[in-house]
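Heads up: the structure comes next, in C-alpha cells.
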Amino acid sequence: MNKISKVMALLVVLTFVTGVFAGCAGEKEDVETPAATEKQIDDNTTKEAEPVTLRISTMFGGTDPSTQVFEEQLVAFEELHPHVTIKNESMTSVGDEYRTKVKTDFATGNEADITFFYNGADVQGIINSDKVISYDEINEKYPEVGKDITDGVKDSVREEDGKLYMMPLTGFYEGLFVNEAIFEQYGLELPTTWENLITAIDVLKENDIVPFAGPIAQSHYMIEHFVLSQAGAEGHKDVLAGDEPSADWVAAFNNIKDLYEKEAFAKDALTMDIEMAQNLFIQEKAAMILEGSWFIGRCEDELKDKMTVIPMATASDKMDPTSIIGGFSSGYYVSKSSYEDPAKQQAVIDLVSFLTSAEAIKDHAAVNGGSPAAKVVVEGLHPLFVEGHAMVANANTLNMPIDSRLTPEAFNILVKDGIPFIVEGRKNPEEVLKATKEKNER
Amino acid sequence: MLSNKSKRTMTIFLFLAPALLFLVIFLAYPFVINIIDSFFKSDGFLQSEYIGLDNYRRLFKDPTIGTAVKNTYEIMFYVCLFEVGIALILAILVDNIKKGQHFFRTVYFFPIVISATAIGMMFKLFYAYDIGLLNSFMTMLGLEKQVWVTAESAVKMVAIPIVWQYVGFYFIILLTAIKQIPRDLYESAYLEGINGFTKTIYITLPLIKGVIITCLVYAINGVMKIFDLVLILTEGGPLNQSMVLGLYMYKKAFADNAFGYAATISLLIIVLGLATITIVSKVFKREQITY
C-alpha cells in the first residue's frame with residue numbers, strides 16, 4: 001500500500017511539473033516551428049508553400065466601423081495565400097483595454113506579428129525597446145511595402161529619430177457634429193461663433209433638447225476642442241509649457257464649467273460615458289456632439305442626411321475658425337522579431353503590403369470617414385463624409401490631440417481628476433493644470 | 001533504510017508538494033515581485049526606475065486613496081449587514097417551509113452564475129437617466145426622472161448590485177448549516193413550548209454562529225477584491241465618489257500605466273484585508289459547538 005502511495009505521489013508531482021513547463025512552453029512551440037524554419041532558410045523556393053501562422057492585433061473589432069471591412073480583407077488575403085493562417089486578435093479601442101493589451105504583449109514578448117497601434121507618446125516605450133522595425137529598413141529589402149501611401153503622410157508620422165515605424169491607413173479629424181434639422185426647426189444659426197453657440201444652447205434647452213451630448217467623465221474630445229477654441233493652434237500645442245498654468249487653458253476649462261452651469265449638457269453628464277453620449281445624439285435627443293470622423297460610421301444614413309460637421313466654435317480671436325483636431329494617429333507596426341524570423345518574414349511583408357494597399361485604404365476610408373493616406377478616390381461616399389474631408393482640406397492648421405503629448409497618467413488627471421471636479425466647483429483649473437504638469441514631468 | 005514513520009512523512013510531503021509548488025509560482029513569487037515593484041516608477045511594460053519610498057509617500061498624500069478606503073469599508077458594512085443578513089433571514093424562512101425549498105434555492109442562487117460585468121451592465125441600464133428602467137417606472141407613475149447615481153449616492157448605488165449578487169451564495173451556505181442541526185433538538189424544544197421566533201434566537205443562531213462568522217470573513221475578503229462591477233457601473237465616479245481600492249489599483253496600473261504605484265496600492269489592500277479579518281476573527285471568537 002505504501003509503495004502504491006509513493007508511486008502515486010511521484011506521478012502527481014511529475015504530472016504537475018510537466019504540466020507547468022509544458023504550459024509555459026506550449027505557445028512558443030506553436031509559433032516558432034523550428035523544423036520549418038531551418039528548412040525555409042535552406043530552401044527559399046519552398047518558402048511560400050510552408051504553412052505559417054501570423055497573429056494580427058488591431059482596433060478593428062466590436063463596434064468599430066472598419067471591423068467588417070478588415071475581416072473581409074483578412075479572408076481575401078488567406079484566399080490569395082492559402083499557406084498563411086491569420087489569428088485575428090483585434091478588439092475595440094474604446095477605453096484603455098486595447099492600449100494595455102498591446103503594451104503588455106510587447107513587454108512580455110508576446111506581441112502580434114503585425115499590430116495596429118497609436119503613434120506618439122503611446123508607442124515611445126515600444127520603439128525605445130527596439131521591439132518594432134522601421135519601414136526604412138523594410139523598404140531597403142522590400143521597396144513595395146507601403147508604396148501607395150503618400151510621402152507627405154509618411155513624413156507626418158515619422159518619430160523623433162526620423163524613422164518611419166507606422167503605416168497609417170486613414171487620417172482622422174474631430175469636429176462639432178451638429179443635427180442641422182434640429183437647428184433649422186428652431187431657427188438657429190450653426191454654432192460657428194461662441195455667441196451662436198450660447199444662443200443655440202438657450203433655445204434648445206427651452207425646447208427640451210439636450211444642446212451638447214458631452215460626457216463630462218470621459219471628456220477627452222471636449223478638453224482638446226475647448227482648449228483649441230480658446231488658445232488657438234499654438235496655445236493648444238503648448239502643453240503646460242510655462243511655470244504657471246496657461247491663462248488660455250484656464251479660460252478653456254472655465255468655458256466648459258460655464259456651459260455645465262448653463263445646463264448645456266445632459267442631466268447625467270457627470271456619469272455618462274462616450275457611448276451613452278453618442279446614443280443621445282443618434283437618438284436625436286441631443287443637437288451637438290464633439291466627436292471624431294469615425295463617429296459617422298455609427299450613424300444611419302437617415303441621420304447623416306440631417307447632420308453637418310464644423311470646427312468647434314471660436315471662443316477667442318487666437319483660434320483660427322478653420323482649425324481642427326486631426327492627423328494620422330495610428331497605423332500598422334511590424335514586430336522586429338517576426339520580421340527577423342525567416343519563416344515568417346515573407347508572409348509578414350505580404351500581409352502588411354496587402355493591408356496598406358491603395359485598395360485596402362480606400363475600403364477603410366469608405367466606412368470610417370477618415371481621410372485616406374493614399375491617393376485614392378473614395379466613391380459613393382455620403383455627403384457628410386465629403387463635408388468632413390472638405391473641412392480637413394480647408395483647415396489652416398491640423399492639430400494632434402493633447403494626449404499625444406502627455407503621459408497617460410498626466411492626461412487622466414485632466415480627464416478624471418480634472419474636468420468633473422472643475423465643473424462641480426470642487427477644484428479650480430489652475431490646481432488641476434499644476435497637478436497635470438507635475439505628473440507629466442515625473 | 002528509512003523508518004516507516006519517515007516513509008509516511010515523505011509520502012505525505014510528495015502529495016503536498018504540487019500544491020506548494022503551485023502556490024510558490026503563482027502566489028509567493030508574484031507577491032515578492034509586487035513588493036519590489038512598489039519601490040519603482042514603472043510603466044509596467046518597458047520602462048522602470050528605482051524611486052525608493054516615493055510611492056509610499058504618495059500613497060499617504062493621495063486624496064483618492066482616502067476616498068477609496070472609506071468607500072471600501074462602507075461597502076463592507078453594507079455587505080456584512082445586508083448580504084449576510086438577508087441571506088440569513090431567507091435561509092431561516094426557507095428552512096421553515098415544507099414545499100418549494102428547491103425552487104427558492106435555485107432562484108436565490110441564480111445571480112451568482114451571472115458575471116459581475118453583466119450585472120454591472122444590467123444595473124447601469126437600470127440607473128441610466130434617459131433610457132433606464134427606474135426612470136421608465138418614474139415616468140409611468142407620472143413622476144419626474146431622477147439622476148440615480150450622484151456624488152452623494154454613488155457608493156450606495158454600487159453596493160446594491162454587489163449585495164444582490166452574493167445574497168444567494170451565503171443563503172445556500174447558511175441553509176446547509178441550518179439543515180445540519182439535528183431535528184430532535186427542535187422537537188424537544190417544542191415539547192418545552194418554544195415558538196418559531198425563540199427557536200431561531202435560542203437554537204438556530206447559536207448553533208450556526210461559526211458558519212455566520214465564516215460567511216462574514218468571506219464577505220469581507222470579497223469586498224477587498226471588488227473592481228469589475230464598479231468599473232462597468234460607474235468607473236469609480238462621479239468625482240471618484242464610488243472608487244474602491246481594487247478599482248483604483250486597476251486604473252493606476254492599466255489606465256495610467258503607473259504600475260509601481262499600483263503595486264503599492266495592492267500592498268495596502270493586502271495589509272487592510274489581513275488587519276480587518278484578524279479583527280473580525282478576534283471580535284467573533286469561534287466557539288466549537290458539537291451536536
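Which GluC sites (Glu not before Pro) in segment A:357-413 sit in a loop by DSSP (not H, G, I, E or B) and have at most 12 other Cβ atoms within 10 Å of their own Cβ?
Filter output for segment A:357-413: A:Glu379.
Provide the per-residue ³J(HN,Hα) series for segment B:138-148, in order, calculated from phi with Karplus coefficients 6.51, -1.76, 1.60 and θ = phi - 60°, each as a whole number of Hz, with x at glycine and proline positions.
Once rounded to whole Hz, the list reads 4, 5, 4, 7, x, 9, 7, 5, 10, 8, 6.
Please state, to two decimals, what the Cα-based radius of gyration of segment A:311-399 comes to when divided by 2.2 N^0.38 Å (N = residues).
1.47
How much accessible area is lost when chains B and A come together, counting both sides, with a 1.4 Å probe, in Å² rounded to the nearest 100?
3500
Which of rounded, prolate, oblate describes segment B:1-123, given a ≥ b ≥ c as roots of the alpha-carbon gyration tensor eigenvalues and a/c under 1.5 marking rounded, otherwise prolate only if a/b is larger than b/c?
Oblate.
Can you sort B:Trp164, A:Trp249 by 1.4 Å-probe accessible area, starting with the largest?
Per-residue accessible area, sorted high to low, gives B:Trp164, A:Trp249.
Which Cα, out of B:Val211, A:Phe295, A:Ser90, lies furthest along the positive dipole direction of the protein assembly as shown (beta carbon charges, K/R +1, D/E -1)?
It is B:Val211, whose Cα lies furthest towards the positive end.
P(r) tail for segment A:127-281, what percent of Cα pairs lie past 27 Å?
Above the 27 Å cut-off, segment A:127-281 has 46 percent of its Cα pairs.
At a cut-off of 40 Å², which residues of segment B:98-141 become less accessible once all protein chains are present than in their chain alone, using a 1.4 Å probe?
Buried-area filter returns B:Lys124, B:Tyr129, B:Asp130.
By a straight-distance test (C-alpha under 19 Å), which lysines pair with A:Lys205 as possible cross-link partners, with residues fewer than eight away in the same chain excluded?
Straight-line reach from A:Lys205, under 19 Å: A:Lys257, A:Lys262, A:Lys267, A:Lys285, B:Lys145.
Could you name the lysines whose alpha carbon sits less than 29 Å from that of B:Lys209, not counting residues in the same chain fewer than 8 places away?
Those lysines meeting the cut-off are B:Lys70, B:Lys98, B:Lys99, B:Lys156, B:Lys179, B:Lys199, B:Lys225, B:Lys282, B:Lys285.
Within segment A:199-261, which trypsin sites (Lys or Arg not before Pro) sit in a loop by DSSP and count at most 13 neighbouring Cβ atoms inside 10 Å?
For trypsin sites (Lys or Arg not before Pro) across segment A:199-261 that sit outside H, G, I, E and B with at most 13 neighbouring Cβ atoms in 10 Å, the list is empty.
How much accessible area per residue does segment A:266-321 have, counting only protein heavy atoms and a probe of 1.4 Å, in square angstrom?
38
Any idea what the dipole of chain B comes to, in debye rounded to 20, about its Cα centre with Lys/Arg Cβ at +1 and Asp/Glu Cβ at -1?
Magnitude of the dipole: close to 900 debye.
Which whole-number percentage describes the relative contact order of chain A, with Cα contacts under 8 Å and a sequence gap of 6 or more?
The value is 23 percent.
Over every pair of different alpha-carbon atoms in the protein assembly as shown, take the mean of 1/r and invert it; report that Kirkwood radius in Å.
29.6
Please say if chain B is rounded, prolate or oblate, where rounded means a/c under 1.5 for a ≥ b ≥ c the square roots of the C-alpha gyration tensor eigenvalues, and otherwise the choice is prolate for a/b larger than b/c and oblate otherwise?
Judged from the Cα gyration tensor, chain B comes out oblate (a/c at least 1.5, b/c at or above a/b).
Which of B:Phe169, B:Phe40, B:Phe31 moves most in a GNM of chain B, Cα contacts under 10 Å?
Between B:Phe169, B:Phe40, B:Phe31, it is B:Phe31 that shows the largest mean-square fluctuation.
Once you order the gyration tensor axes a ≥ b ≥ c over the Cα atoms, which shape class does segment B:205-254 get: rounded for a/c under 1.5, otherwise prolate or oblate by comparing a/b with b/c?
prolate
Using a 1.4 angstrom probe on the protein heavy atoms only, could you order B:Tyr78, B:Tyr202 from most to least accessible area?
B:Tyr202, B:Tyr78
Ratio of segment A:250-313's C-alpha Rg to 2.2 N^0.38 Å, to two decimals?
Here the Cα radius of gyration is 1.21 times the empirical estimate.
So if I place +1 on the C-beta of Lys and Arg and -1 on the C-beta of Asp and Glu, and nothing else carries charge, what would the dipole magnitude of the protein assembly as shown be about its Cα centre? I want it in debye, nearest 20.
My answer is approximately 4940 debye.
Any idea what diffusion coefficient segment A:142-230 gets from Stokes-Einstein, in µm²/s, Kirkwood Rh on alpha carbon pairs, 37 °C, 0.692 mPa s?
196
Using the Cα centre of the protein assembly as shown as origin and beta-carbon charges of +1 (Lys, Arg) and -1 (Asp, Glu), tell me which of A:Ser129, A:Phe117, B:Val280 is placed farthest towards the positive end of the dipole.
Highest projection toward the positive end goes to B:Val280.
The values are calculated or read from the model by the stated rules, or taken from the named source; none is laboratory data. Model, not experiment: these values are computed from the prediction. A quick note on method: Cβ atoms are made from the backbone with ideal geometry, for glycine too, and the neighbour counts reach across all protein chains shown. SASA here: full protein model, heavy atoms, side chains in, ligands and nucleic acids out. Shrake-Rupley method; radii C 1.70, N 1.55, O 1.52, S 1.80 Å.
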